[in-house]
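What follows is a short report on a single structure.
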Amino acid sequence: MSKALDEFRKEASKALKPLGARLSGISFMLNEEVLTSADKGFDVDELVQELGRAKEKQIEGKLAISIYGAGGRLVGVVSADDGSKLDLTGISSLLSFLISNFLLREERDRDGLTGFLKKDAFRKRMLETAIGVKKAASAKKSGGKKRSPALSFFHLDLDHFKSVNDTLGHRFGDEVLRSFARHVREFFTGEDCEGVLLARLGGEEFGVLVPYVTTKDAGEVGEKLRAYIDDTQIPTSAELERYRRDNPDFKTLSIPNVTASIGISTGDSAVIMRTSEEGLSGELEQLYEQADVATYVAKKLGRNRIMAFERIRDEGGTVIDFDVRTGIVTIDLGSDMGVDVEDVFKVYDNRKFTDEEPVIQPGSQKVIGYYPRIVLGEIEVILCQPQVSFALRKAGEVFSPETGFLLEWVPPSKRSKRTTSDRRRKDRRKESRVSSRSQFETRLRESQEREHFIMVLFFFDNLATIRDQRGSSTVKELYRSLAAELERMVVPGEAVSAISGDLIGWLPAATSAKKVEEGIKELKKRYAKQDKATFSAVVYDSAVKGLDRSRALDIAQKGVDIARFKGINQTLVLDPEILLLKLYFYYEHDELDKVAEEFSQLQTFGISDAKSLLYNAEALSYLGKQEEALEAAHQVLDSDTSNLQALEVAATAAFELGRNQEAVDAYEKLVDKKKGKLAAWHWRDYAIALLYLGATEKALEYLSLALAEDPTDASAIYHQGEALLALGRREKARQEIMRAFELGYRELSPQAQKLLGEG
C-alpha cells in the first residue's frame with residue numbers, strides 16, 4: 001500500500017466521521033493490471049467488478065464511488081451502522097473532492113503506464129525508506145524476525161527492447177513494459193519483501209529498492225528475478241489476446257522472449273547505520289550509480305544475467321570491450337578511487353582457470369587440486385573516467401582481452417621497468433616526491449628485524465565525492481601535496497611511498513606511537529590550511545600484543561578498511577579489538593555472511609577472540625557450512641563448556657550433518673543449562689534425532705512440546721506420525737502424516753508413503 005493511499009484513508013475517515021459514516025475500503029486502480037488496495041473488512045476487488053464503469057452505486061447498504069483520473073481510477077466504499085441514514089449526496093461530494101485531490105498527488109508521482117514511481121518521487125522515497133530503516137535499527141526493537149538494516153538496489157534494463165519497438169511498434173512496446181512491470185511487482189510480492197519501492201527510471205529501465213536485503217541475499221534474489229523474467233511469457237497469452245482484439249492490425253505471430261540484465265548494489269548495515277541522515281542521500285545516489293554500472297557490465301557480458309557491483313569492485317575490474325583495430329581495451333574498475341594513468345592490471349580468463357575449478361583424480365574422484373589462475377598478459381591505463389577507463393596492452397603483448405575477463409591490479413614494485421626512451425614517463429616519475437614501493441618494502445623488512453617499529457598508512461576520505469565534484473586530476477594533486485607535506489616532516493632514514501593507488505605509507509624513525517600521533521595531528525593542521533579535503537591515518541605499532549609483525553602491511557591495510565568504516569578524519573592506532581569492530585557490528589545487525597567474511601580475513605592475520613569465534617560459528621551454520629560451524633563451536637566449548645550459543649550451534653550443525661548421537665548429546669546439555677526452555681524448532685530437531693536413534697517414546701514427548709509452541713510445523717507433525725507408526729498406532733499415524741502432507745511436507749519415507757496409499 002502506498003504512503004499516499006494510507007494518508008488518503010486517514011484523511012477520508014476523519015472527514016466522514018461527522019457524517020456518521022466510515023471508509024470501509026479503498027482501491028486505487030492505475031490500469032487493468034496494477035491494483036493497490038487498502039481493505040478493512042471489505043472485498044474491494046469484488047466490489048470493483050460489481051461497480052463496473054458506474055461512478056456511484058449503492059451495494060448492500062454501502063455507497064461505492066468511482067472517480068476516474070488520467071492514470072486510472074479510485075474506488076471508495078463508505079458504510080455506516082445504519083445505511084438508511086447515509087447522506088449519499090453529501091458523502092458523494094465530499095469523497096469526490098478528497099479522491100480528486102488524491103489522484104492529483106498520486107498521478108504526479110507515478111508513471112501512468114506501469115503504476116511505478118517516477119524517478120524523482122522514487123529518489124525521495126528511497127531517502128525516506130533509508131531513514132526509516134536506520135531509525136528502526138537504532139531503536140533496537142525486540143521480538144519478531146531478525147533483519148539487517150541493509151538496502152539493496154536492483155537496476156533492471158530490458159534486453160533488445162529497441163528492436164521490439166522498431167519491429168513491432170511503440171504501442172506494443174508499451175504493452176511489453178506494462179506486462180513486465182506487473183510481473184516484477186508480482187515477483188517481489190511473492191518474495192514477501194517488506195517496503196519494496198518500484199520505479200520506472202525512463203524508457204525500458206526500472207529500479208527496485210529492497211530494504212533488509214544483504215549483499216548475499218541480493219545476489220540470490222537477483223538471480224531468481226532474472227530466471228523468473230526469462231521463464232515468464234511477457235506479455236501473457238491473455239494480455240496478448242486482448243491486445244490483438246484492441247489492435248486488429250497487429251498480425252505478428254512470433255513474439256520475442258523478454259529478458260532483462262540486472263545490476264545490483266547493496267548498502268550494508270555499516271553504510272546505513274554509520275552515515276548521518278543528511279549523508280544518506282549521497283550514499284543512495286552512489287548505490288544508484290553503482291547498480292547502473294553493474295547493469296552496463298551485465299549487458300556487455302552477454303545480457304540476461306545479473307552482476308553485483310561488489311563483484312566488480314572485489315575482482316579489481318572487468319574487461320568491457322576490446323577494439324581490435326585500435327587495440328584499445330575498455331575496462332570497468334568498479335571504482336577509480338586513486339586509479340591513475342600508467343597503472344597496470346593483469347588480465348586473466350575467468351571462464352575456467354579461476355583457482356576454484358577442481359582437478360578431479362581419475363578413479364577415486366577426489367579433488368587433488370585446483371586449476372591455477374592463468375594470466376594472459378598485462379594492460380596499462382591510458383585514460384581514467386568516472387564509469388569506464390581505457391587501456392592498451394603492454395608492449396609485445398598479443399593476447400586478446402575478451403569481454404568478461406577479470407583484472408588484477410599490479411603493485412608498482414612488480415611492474416616491468418620503463419625504457420629510457422619513454423621521455424614523458426621518465427619525466428613524470430622525476431616529479432614524484434615519494435620513493436618506490438620496492439624501496440619501502442625493503443625498509444619495512446629491515447624494520448621488522450628490529451625490536452620495535454611503527455608504520456603509518458595515509459588515505460584521503462571521500463575520494464569518490466572529491467573526484468565527482470572536482471575531477472580526477474584533483475585526486476592526483478591531493479596525493480602529491482600530501483606526499484610533499486610528509487617530505488617536510490620526515491628525517492633521514494625514514495621512508496615514504498605510494499603503497500597502492502590510494503594509500504601512502506610512512507615508516508617513521510620514532511618508536512613512540514604517541515609521538516607519531518602528535519606528528520600526524522600537526523600534519524593534519526598544516527594540510528587543512530591548504531585544502532578542504534581530509535585524510536585519515538592508520539598506525540601499526542609492533543609493540544601492541546596480538547599483531548603479527550611479519551604481516552604488518554597486510555594488517556595495516558585491513559586497518560584502513562576499519563578506519564573507513566568508522567568515518568572520516570580518523571587516526572587509528574591498531575589493536576586486535578579495533579580490527580574486530582566490523583565483525584561485531586555485522587553480527588549485531590544480523591549480516592552473518594559478512595561476519596564469516598570478516599572472520600576469514602582476520603584469521604589469516606591470527607586475529608580472533610572467543611566472542612568472534614562464537615559469532616563465526618553461528619555465521620557458518622547460517623550459511624550452511626555445518627562441518628566448519630561444528631568445528632568452530634567445539635573450539636568455543638573447549639574453553640567454555642557451558643556456552644549456550646556454542647551448544648546451540650553444535651546441536652544444530654550435528655543434526656544437519658546427520659550425526660544424531662552428537663546432536664542428542666548437545667541437546668541434552670542445552671536442556672539442562674536452559675532448564676527445559678528450548679525453542680520449538682530445537683525441541684523438534686532434538687526429537688527427530690532421538691527418533692532416528694530409536695528413542696521413540698521420548699521423541700514423541702518432545703515433538704508434543706514443539707507442537708505446543710508451533711502447531712503448524714509440518715516437519716514436527718510428520719515425524720510425530722512416524723513415531724506413532726513405529727509404536728503401531730497406524731490410524732493416528734496416517735492422520736498426522738496426511739496433515740503434514742497437506743501443509744506441504746513432501747519428504748515421506750517409504751513406509752509413510754505406503755501407509756498413505758493404504759488410506
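The values are calculated or read from the model by the stated rules, or taken from the named source; none is laboratory data. Quick caveat, the model's predicted, so the values are computed rather than measured. Here the Cβ is made from the backbone with ideal geometry for all residues, glycine too, and neighbour counts use every protein chain on show.
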Fill in the blank from the handout: Filter the stretch 382-417 for residues that are part of a strand (DSSP E or B) and modelled with pLDDT of 85 or more; the one that is surrounded by the most Cβ atoms within 10 Å (Cβ to Cβ) is Ala391
Problem - Matching residues, the stretch 685-703, being of a type in the set (Gly, Ala, Ser), within 38 Å of the chain's Cα centre (by Cα) and closer than 9 Å to Val664 by Cβ - result: Ala689
Practice task
Take Ala537 and decide whether it is more than 25 Å from Ala150 (Cβ to Cβ) and touching a helix residue (DSSP H, G or I) at 6+ places or on another chain (Cβ under 6 Å).
Solution key: yes
Completion exercise
Among Gly369, Gly363, Gly377, the single one that is at pLDDT 85 or above, more than 30 Å from the chain's Cα centre (by Cα) and farther than 24 Å from Val213 by Cβ is Gly377
Exercise for the section: Go through the stretch 242-266 residue by residue and tally those that are in contact with a helix residue (DSSP H, G or I) (Cβ under 9 Å, 6 or more places away or on another chain) and part of a loop (DSSP other than H, G, I, E, B). Expected result: 9
Fill in the blank from the handout: Within the stretch 170-209, the residues that are charged (D, E, K, R) and part of a loop (DSSP other than H, G, I, E, B) are Glu191, Asp192, Glu194, Glu204
Exercise for the section: Report, ordered by the first and then the second residue, all pairs with beta carbons closer than 7 Å, sequence separation of six or more or different chains, a first member in the stretch 697-717 that is within 18 Å of Phe741 (Cβ to Cβ), and a second member that is basic (Lys, Arg). Expected result: Leu703/Arg684; Asp713/Arg684; Ser715/Arg684; Ala716/Arg684; Ile717/Arg739
Practice task
Mind telling me which of the residues Ser148, Ser138, Ser179, Ser152 ends up being farther than 28 Å from Glu285 by Cβ and in contact (Cβ under 8 Å) with a residue 12 or more places away in the chain?
Solution key: Ser179
Handout entry: Positions within the stretch 202-238 being without any contact (Cβ under 8 Å) to a residue 24 or more places away in the chain and farther than 29 Å from Tyr622 by Cα, in sequence order
Key = Asp231, Gln233, Ser237, Ala238
Exercise for the section: Please go through the stretch 201-211 and pick out each residue that is surrounded by fewer than 23 Cβ atoms within 10 Å (Cβ to Cβ) and in contact with a strand residue (DSSP E or B) (Cβ under 8 Å, 6 or more places away or on another chain). Expected result: Leu201, Glu204, Glu205, Pro211
Fill in the blank from the handout: Scanning the stretch 645-670 residue by residue, those surrounded by fewer than 17 Cβ atoms within 10 Å (Cβ to Cβ) and of a type in the set (A, V, I, L, M, F, W, C) turn out to be Leu657
Exercise for the section: Please work out which residue is modelled with the lowest pLDDT, limiting yourself to the stretch 162-191 and to residues that are more than 19 Å from Ala227 (Cα to Cα) and of a type in the set (Asp, Glu). Expected result: Asp166
Practice task
Can you give me the number of residues within the stretch 107-131 that are more than 22 Å from Glu289 (Cβ to Cβ) and of a type in the set (A, V, I, L, M, F, W, C)?
Solution key: 1
Exercise for the section: Find the residue count for the stretch 721-759, including only residues that are surrounded by 18 or more Cβ atoms within 10 Å (Cβ to Cβ) and of a type in the set (A, V, I, L, M). Expected result: 8
Problem - Within the stretch 550-600, considering residues that are under 20 Å from Gly624 (Cβ atoms) and among the hydroxyl-bearing types (Ser, Thr, Tyr), the one surrounded by the most Cβ atoms within 10 Å (Cβ to Cβ) - result: Tyr586
Exercise for the section: Taking Ala679 as the residue in question, decide whether it is over 16 Å from Gln626 (Cβ atoms) and either touching a residue at least 60 places away in the same chain (Cβ under 8 Å) or under 32 Å from the mean Cα position of the chain (by Cα) (or both). Expected result: yes
Handout entry: Whichever residue in the stretch 516-546 is among the hydrophobic types (A, V, I, L, M, F, W, C) and without any contact (Cβ under 8 Å) to a residue 40 or more places away in the chain and, among such residues, is nearest to Leu280 (Cα to Cα)
Key = Ala528
Practice task
May I ask you to verify whether Arg182 is buried (at least 20 other Cβ atoms within 10 Å of the Cβ) and within 27 Å of Asp246 (Cα to Cα)?
Solution key: yes
Practice task
Return a yes/no flag: does the stretch 235-251 have any residue that is closer than 26 Å to Tyr296 by Cβ and among the aliphatic types (A, V, I, L, M).
Solution key: no
Practice task
Return yes or no: is Ser621 modelled with pLDDT under 95 and either among the aliphatic types (A, V, I, L, M) or more than 20 Å from the chain's Cα centre (by Cα) (or both)?
Solution key: no
Completion exercise
Of Lys119, Lys124, Lys135, the only residue that is in contact with a Leu (Cβ under 6 Å, 6 or more places away or on another chain) and surrounded by fewer than 19 Cβ atoms within 10 Å (Cβ to Cβ) is Lys119
Practice task
Could you check, for the stretch 437-453, whether at least one of its residues is modelled with pLDDT under 75 and either touching a helix residue (DSSP H, G or I) at 6+ places or on another chain (Cβ under 6 Å) or part of a strand (DSSP E or B) (or both)?
Solution key: yes
Fill in the blank from the handout: In the set Val595, Val636, Val671, the lone residue that is in contact with a Leu (Cβ under 7 Å, 6 or more places away or on another chain), more than 30 Å from Ile562 (Cα to Cα) and either of a type outside the set (A, V, I, L, M, F, W, C) or assigned to a helix (DSSP H, G or I) (or both) is Val671
Problem - Any hit, the stretch 611-623, residues being assigned to a loop (DSSP other than H, G, I, E, B) and either on the phi > 0 side of the Ramachandran plot or without any contact (Cβ under 8 Å) to a residue 24 or more places away in the chain (or both) - result: no
